[in-house]
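J.: Below is a structure I'd like to ask you about.
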Amino acid sequence: MTDIQLNYRDHVAEILLASPEQSNTMDDELSRDMLETLESLGRNDDVHAIILGSTGGIFSAGGDLDMLHELAAESQHVSQHPKLQHALRASMRVVEKLWDFPKPTIAAVEGPCIGAGIGWVAACDVRLASERSFFDTAYMKLGLGTDFGVAWLLTHAVGAGRARDWILRPRRISATEAQASGLLGEVIPTTENLLDAAHASATLLTRATPELIQSVRQNVRDAAELPLSEALDLEAQRFITHLPSANIPVTNK
């Protein structure tokens, strides 16, 4: 896994995209390595949260262009479409794994985050970026549709109207605009260390049990998918479930 650097600090695992000389571009091999890494960390009881970041001052320039040229050539033969679709769908499992990861996930975006990289980031629970970061869907510039759940994940993060705008009018979206739109929770000043800020957030999240994290995630997802009455029923059920293990301060009454 030469394109991934794995570090550990205080029960938090850092997964860093580590090929800055290649702009941390994404190909099938990286997706397979990332999926294996996530599956391993998900089973590791010593890991209570993960941070997805990068090295070299760039998060990712998106899909590897050489790979895309090869895929475009293969796609000229209609008979190859099912095989190509199957391979792409297998790579897309990365965002599914991030979205449903049993432990808190934090994206720490340094520098450009282009195309498929946005899908990886938007699938995380908490999303931070440095002031120098920016986003660009880029697909329409290449005459391509979206992949890695970018359309679905952006719709959930910033709303359908803004997601359509960002995809149909690809351009540089600053970290400030991304935060105002809901893609980012916080923009970290360049005078601070982004990974340190991500670890501070991870420390807070690791105080919660995986079961509580999943309940809170599901409450938020229900809000987007269920009528209010049904969401309230499930929210009440989950709230009561966690009461026995709650850490409620004792008052002086």
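The values are calculated or read from the model by the stated rules, or taken from the named source; none is laboratory data. The structure presented is a predicted model; accordingly, all values stated were derived computationally and were not measured. Here Cβ is always computed from backbone atoms with ideal geometry, including for glycine, and neighbour counts include all displayed protein chains. Just the protein is used for accessible areas: all its heavy atoms, side chains included, with ligands, DNA and RNA removed. Shrake-Rupley method; radii C 1.70, N 1.55, O 1.52, S 1.80 Å.
J.: To one decimal place, what orientation-averaged projected area in nm² is obtained for the convex hull of the Cα set of region 141-202?
T.: Orientation-averaged projected area of the Cα hull: 5.3 nm².
J.: When the accessible area of the chain is computed with all protein chains present and a 1.4 Å probe, what percentage of it is carbon and sulfur?
T.: 54
J.: Mean projection of the alpha-carbon convex hull of region 3-111 over all orientations, in nm²?
T.: 7.1
J.: Ok, one more. Rounded to the nearest 20 Debye, what is the dipole magnitude of region 136-225 about its Cα centre when Lys and Arg each give +1 and Asp and Glu each give -1 at the C-beta? Walk me through the numbers before you get to the answer.
T.: Numbers: 9 positive and 10 negative charges, 66 e Å.
Computed charge dipole of region 136-225: roughly 320 debye.
J.: Continuing with this model, one more query. Cα axis of helix 210-225 to longest principal axis of the chain: angle in degrees, 0 to 90, nearest 10?
T.: Roughly 70 degrees between the two axes.
J.: By how many degrees, 0 to 90 and rounded to 10, does the Cα axis of helix 228-242 deviate from the longest principal axis of the chain?
T.: Tilt of helix 228-242: around 60 degrees.
J.: Moving on to the next point. Once the dipole of the chain is set up with Lys and Arg at +1 and Asp and Glu at -1 on Cβ about the Cα centre, which of 91, 200, 231 lies farthest towards its positive end?
T.: Selected residue: 231.
J.: Ok, one more. Per residue, what accessible area does the chain have, given a 1.4 Å probe and all protein chains present, in Å²?
T.: Details: 13600 Å² over 253 residues.
Normalised by residue count, the accessible surface of the chain is 54 Å².
J.: Shifting gears a bit: Angle check, please: helix 65-74 long axis (alpha carbons) against the longest principal axis of the chain (alpha carbons), in degrees 0 to 90, nearest 10.
T.: For 65-74 against the chain, the angle is about 60 degrees.
J.: Shifting gears a bit: Ignoring solvent entirely, what values of log10 I(q)/I(0) come out of the Debye formula for the chain at 0.11, 0.13 Å⁻¹ when each Cα is a single scatterer?
T.: So the normalised log intensities are -0.62, -0.86.
J.: Now for a different question. Once you order the gyration tensor axes a ≥ b ≥ c over the Cα atoms, which shape class does region 117-253 get: rounded for a/c under 1.5, otherwise prolate or oblate by comparing a/b with b/c?
T.: Oblate.
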